[in-house]
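I have placed the structure first, in the form of structure tokens, so that the comments after it can refer back to it.
Coordinate-derived values only; no laboratory data. Just so it is clear, the model here is predicted, and its values are computed rather than measured. All Cβ positions, glycine included, derive from the backbone under ideal geometry; neighbour counts span all protein chains shown.
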Ligand SMILES: *Cc1c(COP(=O)(O)O)cnc(C)c1O
């Protein structure tokens, strides 16, 4: 779809007027600047804003604790014992999974380790892992320490897919070539859905098909993809995926994260894993010391370890309800593509040689984020943007990331942002 934009302010106002999702902004608390007006909040890729119903839903659980004590495990409106089950279906819809393939638990990097415990089973022949560079540091640490945990050396076992010389993003052909070249030695292919630094949306379907055709396990870190771009994890045949829910999923700092385990693995109770009582068959879970044998649930629940942290799950319920009210990813993606393409159009209009957008130009190869590489004084530019009421973020050495989100940002904010940038660059 080609979009025709104009740089007039009236045009921004018109786009907001025509936006069928515009009322969703009212469902969020918008941080205010010094002038008492909402900041232009383009940092939802780092911490999504608070949905207003989150407070009530957390208070409800505090009240349940106060009034019911231990009985709230079974007696409250949404019993704590099965609290994670209320999240399963709405979360599965957002990532294109069957409900039995999804469990909300722990935090992202912890879940990555748990998935690697199951899916990274290096042998003498197949022991290598392919991932992208630059990857988010936590993922790099997790993968390197997993390799070392098996007594191997990351220098031998880790293969990095990189952009070609002079380019910023990685070509899918190059990823597939690496999978082919290292087929006999690769155990796992582990990529981001959307790269945190460049904003590149990887071709999950093609990467998965290339790896699986060669018997290689393939997993994705969807930290910057969940709630940002449509996903079809089940149909794409991804083996496993992990994501956090405090970025585009707006569930609050350190909120409970998500895991996808494809049905073919989720139902396989023989797969090795790190067990705990909440991964055990609920029918025997409370027989406690009478049932010393671990019998995993035949679904993604079988990877759950501990009883769920209710106060970190409650805001996620509020947030997933907002996504559901908005019609989930399809309408959100339509607005998001338009919002980001409009941002790109206005940045191109400025026509400055002082910055370069390093995110792919093709809307199918990115989510909502644009990464702006500032050639001169990037930190000063960031300070000036902040002083003018823009909340975005900075990644060393010189990249400013801006992520207008379809749930709470407006076209007029994008327009104002680019005016501010034009004045200060
Ligand atoms: C945000 C992010 C993380 C953060 O990990 P936590 O375990 O939630 O602290 C890890 N990996 C990627 C790719 C991220 O974008």
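If you sort the three axes of the alpha carbon gyration tensor as a ≥ b ≥ c, you get a/c of 1.5 or more for the stretch 37-114 and a/b no higher than b/c, which makes it oblate. Protection proxy ranking, highest mean first, for peptides 356-363, 316-323: 316-323, 356-363, where packing is the per-residue count of other beta-carbon atoms within 10 Å, averaged. If you model the chain as an ellipsoid using its alpha carbon gyration tensor, with each semi-axis the square root of five times an eigenvalue, the axes come out at 37, 29, 17 Å, biggest first. Using the Cα gyration tensor of the stretch 217-350, with a ≥ b ≥ c the square roots of its eigenvalues, what is the shape: rounded (a/c below 1.5), prolate (a/b larger than b/c) or oblate (neither)? Prolate, since a/c reaches 1.5 and a/b exceeds b/c.
Length gained on full extension, residue 324 to residue 30, computed as 0.36 nm times the residue gap minus the Cα-Cα distance: 103.8 nm. Centroid-to-centroid, using Cα positions, the stretch 377-425 and the stretch 320-373 are 13 Å apart. Looking at the stretch 59-324, the DSSP beta bridges with both ends there are about 40 percent antiparallel. In this calculation the C-beta distance from residue 350 to residue 153 is compared with R0 = 45 Å, giving a FRET efficiency of 0.40. Report note on the peptides 222-234, 17-29: ranked by the mean count of other C-beta atoms within 10 Å, highest first, their order is 222-234, 17-29. Identify the residues of the stretch 23-67 with backbone N under 19 Å of a label point that sits 7 angstrom from the Cα of residue 424 along the Cα-to-Cβ direction, or state none. Only 31-47 fall inside the zone, counting backbone N under 19 Å.
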